[in-house]
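A short write-up of the structure that comes next.
The values are calculated or read from the model by the stated rules, or taken from the named source; none is laboratory data. Since the structure is predicted, the reported quantities are computational estimates derived from the model, not experimental observations. Note that we place each Cβ from the backbone using ideal geometry, even for glycine, and neighbour counts take in every protein chain shown.
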Amino acid sequence: MKIYGGENVELGIRVWLCGGSVEVIPCSKIAHIERAHKPYLPDLSITMKRNALRVAEVWMDEYKHNVNIAWNLPLKDHGIDIGDVSERKKLRKSLNCKPFQWYLDNVYPMLDPLGDLLGYGALVNDLKTDLCIDQGPVPGNTPILYGCHYFSPQNCYYRASGEIYIGGIKSHKYNSNRCLMDISTQTPGLYECKEAKQKGFHMLWEFQQGKAIQNRQTKRCLEIAPGEDTFYQLIIQECSGQHWKIRNLIKDF
């Protein structure tokens, strides 16, 4: 690992999987003096991504790709050299460590493994590939089209269950993500999924990479159209044959 980030995660996972203890010492006094500026690199995310991918490769088994999803990195050809992890894997084997599934089952069952996630990242329409779906103003419940910058407000996620999350994904089972809705108006809505179910909004979509995004209940499609001053806007209407692509695929769909 290099410079900064990820060592705390690696140490925690290793203790749980390989033996040791995490102790609460009531009378202990611990201080952490945080620097106002970290002098290592102008952009620490470079090494943080590398270190996180190393941890995932060594310890997380079939769930290692969740780190790619968290950092919005493609599963393949992400361009980050994580270095040689063979010695770390030998260490794990020699310590007879448990699989990561044991950690999910016994230590942190509140985590959502996101096993049915099919794609993630920017979602663009073939008609205007420089515009991405964006969560829009917060607070607010109206997703928009915005120039692609690929940061978290434009992170979208499509699940096999039909839900499309916009603006980030939460990793705990008890949390509610924000789902794209057909709320029976010309504009789409973006509401917490649990709230949407209670209100009877239509939140399940049929989507194949490079094809239409069609609501399973209303049969209307998410599309784009010129708005005021020729700016494009997101609309829900009768399907006209528009096509969408999501940036990163987990499985072909």
Selection from segment 26-44 of residues in contact (Cβ under 8 Å) with a residue 24 or more places away in the chain and not aromatic (Phe, Trp, Tyr) yields Lys38, Leu41, Leu44
With criteria (1) of a type outside the set (Lys, Arg); (2) at positive phi; (3) in contact with a Phe, Trp or Tyr (Cβ under 9 Å, 6 or more places away or on another chain), Gly79 comes up short on (3)
Practice item. For segment 218-235, indicate whether the set of residues that are of a type in the set (D, E, K, R), farther than 30 Å from Asp105 by Cβ, touching a Leu at 6+ places or on another chain (Cβ under 9 Å) and in contact (Cβ under 8 Å) with a residue 60 or more places away in the chain is non-empty. Key: yes
By residue number, the members of segment 231-253 that are at pLDDT 95 or above, of a type in the set (D, E, K, R) and surrounded by fewer than 13 Cβ atoms within 10 Å (Cβ to Cβ) are Glu238
Selection over segment 68-82 where residues are in a loop (DSSP other than H, G, I, E, B) and surrounded by 13 or more Cβ atoms within 10 Å (Cβ to Cβ) yields a count of 8
Does Leu114 satisfy the condition of being surrounded by 14 or more Cβ atoms within 10 Å (Cβ to Cβ) and in a loop (DSSP other than H, G, I, E, B)? yes
Worksheet item: In segment 58-67, is there at least one residue being part of a loop (DSSP other than H, G, I, E, B), out of contact with any Lys or Arg (no Cβ under 6 Å at 6 or more places or on another chain), in contact (Cβ under 8 Å) with a residue 60 or more places away in the chain and under 19 Å from Lys98 (Cβ atoms)?
Response: no
So, first residue under 16 Å from Ala196 (Cβ atoms) and at pLDDT below 90 in segment 160-173, second residue not in a loop (DSSP other than H, G, I, E, B) and not basic (Lys, Arg), Cβ within less than 7 Å, six or more apart or across chains; the pairs are none
Note on Asn125: of the conditions (1) surrounded by 13 or more Cβ atoms within 10 Å (Cβ to Cβ); (2) touching a His at 6+ places or on another chain (Cβ under 9 Å); (3) farther than 18 Å from Gln242 by Cβ; (4) not basic (Lys, Arg), unmet is (3)
Could you say whether any residue in segment 186-201 is farther than 20 Å from Gly140 by Cα, within 24 Å of the chain's Cα centre (by Cα) and in a strand (DSSP E or B)? no
